[in-house]
Each structure stands twice: as C-alpha cells, then as structure tokens.
Amino acid sequence: MYTVTPDIAHSLGLNNVAGALVAQVVEGSAADHAGIHTGDVITAVNGQAVKSNSELRNTIGLLRVGDKLEVGLVRDGKPLHVTAVIADAAGTSPLGPAASHESPAH
C-alpha cells in the first residue's frame, strides 16, 4: 500500500492527490473477496475520505473481525464502491468468506 503522491496521481490520471494505492492483494484475503485489485486507489472507507496509506491502515485497524465496510476506490479512472468484511489473519470472518459486491460510484 502506498500513499498517492503527485507523481502517482499524474501517472494514473487522477485528479486528486489523496488515497492509498493498492500494491498487492493476497489471494483469499478480505480485499480479494471484496474484489479489490492491485492498482486500485482506495479513496474512502465508510464514507470518510482516505488521504494516505497510514490513515487507511489506522481506520481498518480499529474495526473488528466480521465488520462490514464500504470502500470507495478508483479503478482505471472510474470510481467504484465495494463491500468488504474484516477477516482474521487466516482470511475468514464469522460470516464466512466475504462475497464480492462491486458497483459504480454515484
């Protein structure tokens, strides 16, 4: 995960210099189940803007296993929303594997 810098924003064609660039998605992880891809830029969690990778980690770190969160992201220049479920280190949640739910942002 990297904080979006002006150079990263320019190379990805982003208008805003904010968010967290996804560098890797581990197969079977909560992010994988939610449909988050390498190269996505996470811009919001539960409606709150994400300005950096450390802010994203802190926000997610305060959640409990099994909590659902709405993730706003940009993929290929298009805003999207996905739903993720916080999983334990083994990639499971009390609700079972998180289902992928992807929709265009409004």
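The values are calculated or read from the model by the stated rules, or taken from the named source; none is laboratory data. Bear in mind the structure is a predicted one, so any value in this text is a computation, not a measurement. Here Cβ is always computed from backbone atoms with ideal geometry, including for glycine, and neighbour counts include all displayed protein chains.
Observations on the structure shown:
- Of all residues in the stretch 45-71, those being polar (S, T, N, Q), free of Cβ contacts under 8 Å to residues at least 40 places away in the same chain and assigned to a loop (DSSP other than H, G, I, E, B) number 1.
Here is a yes/no grid of residues against (1) in contact with a Leu (Cβ under 9 Å, 6 or more places away or on another chain); (2) closer than 20 Å to D88 by Cα; (3) surrounded by 13 or more Cβ atoms within 10 Å (Cβ to Cβ); (4) modelled with pLDDT under 95:
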{"residue": "A18", "(1), (2), (3), (4)": "no, no, yes, yes"}
{"residue": "A23", "(1), (2), (3), (4)": "no, no, no, yes"}
{"residue": "H33", "(1), (2), (3), (4)": "no, yes, yes, yes"}
{"residue": "K51", "(1), (2), (3), (4)": "no, no, yes, yes"}
